[in-house]
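First up is the structure itself, then whatever we jot down about it.
The values are calculated or read from the model by the stated rules, or taken from the named source; none is laboratory data. These figures come from a predicted structure and were not determined experimentally. Reconstructed Cβ throughout: ideal geometry from the backbone, glycine too, with neighbour counts over all protein chains shown.
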Amino acid sequence: MKSQKLIDTARALVADDKGLLAMDESNPTCNKRFAKLGIPQTEEFRRCYRELIVTTPNLGECISGVILYDETILQQKKDGTPFTEVLIDAGIIPGIKVDTGAKDMANFPGEKITEGLDGLRERLAQYAQMGARFAKWRGVIAIGDGIPTQGCIEANAHALARYAALCQVAGLVPIVEPEVLMDGEHTLKRCSEVTEEVLRTVFKQLNTQRVMLEGMILKPNMVVPGLTCPKQETVDEVADATVNCLLRTVPNAVPAITFLSGGQSCELASARLNATNVRFKSQVPWVLAFSFARAIQQPALEIWQGQNTNVPAAQQALYFRAKCNRLARRGEYNIAMEKT
Ligand code: 13P
């Protein structure tokens, strides 16, 4: 029974060419983004911003699931309606980020290990009671001189698999997010090699921990050149490298791949997702979808600036990015759609 529920939720999360919106920034990350725009870094401003997002008109046309954060899942609209209720009414499935952050890894300078397994079983039960039907955990892998190490990749993959197993026991679909970071001068080829190694290790651990692949979603990075790499491949080359890497590593039983945006521009994230679908949609066993935070939210945040009067324009911008990415799932996005 539980297995079928997990399978149904995983499928519902990517049904009808929709995708996921991540609004699960931790307070420090959210504050950092506010600070850059001069928005006050208080709980009330974070709540107002999240209210703007969840009340965006017609969001449910393009977004099937939203990833919340511990502070946000308990928050309410100004009129007292819980955010989870607003989302469910809009036909959007609430989810929750459950890791407690990537911390410096002991004995591995420059590398991080994601924490949060202690007490996770109890927290998952509480989140399920609050209405969450899926969860997210992000492992972070940096590329640099001598890194990533096998020690870091294995520790993060093990934690992801332990988390995923606990989620399934609690009836929540795990979104498994191993993110190879874009920061650095490395080439696309190097990103591809590292991503391949990471995904291989993650699926080995998922298998060892007896995670049911049909009842999970993979949230990987796209295979891209480092942000400061002098050679930046075309959109089609990125799509080819990304899908080839996934074909070598992701079992057919996984229903969906929902990419993170990782700091790419909104337009590039949509264009690259579009290209993966134009070139591979009919040939791959899984759905190629999105679970973006910055590549959906950033324009809206910049328009909002913390001002009430800017809410409608910010919501329009948020809806527009969600729509672009839904079109990209169909291979129908075009850069010409971008406003100037
Ligand atoms: P970005 O799309 O901004 O990379 O965020 C996705 C996410 O959920 C990070 O954990």
### Message
Contact list please: Cβ distance under 7 Å, first residue in the range 288-316 and hydroxyl-bearing (Ser, Thr, Tyr) and in a strand (DSSP E or B), second residue modelled with pLDDT of 95 or more and within 16 Å of the ligand (Cβ to nearest atom), pairs at least six apart or on different chains.
### Response
SER291/GLY19; SER291/LEU20; SER291/ALA22; SER291/ILE175; SER291/LYS219; SER291/THR258; SER291/PHE259; SER291/LEU260
### helices (runs of 4 or more DSSP H) fully within the range 41-98 counting 3 or more residues that are buried (at least 17 other Cβ atoms within 10 Å of the Cβ)
43-54, 83-89
### Task
Just one of (1) more than 16 Å from the ligand (Cβ to nearest atom); (2) more than 29 Å from ALA35 (Cβ to Cβ) trips up GLN305, so point out which.
(2)
### Message
Return the residues of the range 206-224 that are surrounded by fewer than 20 Cβ atoms within 10 Å (Cβ to Cβ) and part of a helix (DSSP H, G or I); say none if nothing qualifies.
### Response
ASN207, THR208, LEU213, GLU214
### Query
If you take the residues in the range 139-162 that are in contact with a Gly (Cβ under 8 Å, 6 or more places away or on another chain) and in a helix (DSSP H, G or I), which one is surrounded by the fewest Cβ atoms within 10 Å (Cβ to Cβ)?
ALA159
### Message
Among the numbered criteria (1) away from the ligand (no atom under 15 Å from the Cβ); (2) assigned to a helix (DSSP H, G or I); (3) among the charged types (D, E, K, R), which one does LYS32 miss?
### Response
(1)
### Task
Give the range 268-314 a look and list any residue that's of a type in the set (D, E, K, R) and touching a strand residue (DSSP E or B) at 6+ places or on another chain (Cβ under 9 Å), or say none.
ARG272, LYS281, ARG294
### Query
How many of the residues making up the range 225-256 are surrounded by fewer than 23 Cβ atoms within 10 Å (Cβ to Cβ) and within 16 Å of the ligand (Cβ to nearest atom)?
3
### Task
Test VAL278 against the criterion of being more than 20 Å from CYS191 (Cα to Cα) and buried (at least 21 other Cβ atoms within 10 Å of the Cβ), and give yes or no.
no
### Summary
In the range 1-10, residues that are in contact (Cβ under 8 Å) with a residue 12 or more places away in the chain and within 12 Å of PHE134 (Cα to Cα) total 5
### Task
Go through the residues of the range 107-119 one by one and say whether even a single one is more than 16 Å from the ligand (Cβ to nearest atom), over 25 Å from ARG200 (Cβ atoms) and over 21 Å from the mean Cα position of the chain (by Cα).
yes
#### Entry: In the range 288-299, residue farthest from the ligand (Cβ to nearest atom) [restricted to those that are surrounded by fewer than 24 Cβ atoms within 10 Å (Cβ to Cβ) and of a type outside the set (S, T, N, Q)]
PRO299
### Query
Take the residues of the range 300-327 that are aromatic (Phe, Trp, Tyr) and surrounded by fewer than 24 Cβ atoms within 10 Å (Cβ to Cβ): which is nearest to VAL66 (Cα to Cα)?
TYR319
### Query
Does SER261 satisfy the condition of being within 14 Å of the ligand (Cβ to nearest atom) and either among the charged types (D, E, K, R) or crowded, with 17+ Cβ neighbours inside 10 Å (or both)?
yes
### Query
Looking at LYS77, is it out of contact with any strand residue (DSSP E or B) (no Cβ under 7 Å at 6 or more places or on another chain), of a type in the set (D, E, K, R) and away from the ligand (no atom under 16 Å from the Cβ)?
yes
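Conditions (1) surrounded by fewer than 20 Cβ atoms within 10 Å (Cβ to Cβ); (2) touching a Phe, Trp or Tyr at 6+ places or on another chain (Cβ under 7 Å); (3) in a helix (DSSP H, G or I), marked per residue:
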site: LEU117; (1), (2), (3): yes, yes, no
site: ARG121; (1), (2), (3): yes, no, yes
site: TRP137; (1), (2), (3): no, yes, no
site: ALA164; (1), (2), (3): no, no, yes
site: GLU177; (1), (2), (3): no, yes, no
site: CYS191; (1), (2), (3): no, no, yes
site: GLU196; (1), (2), (3): yes, no, yes
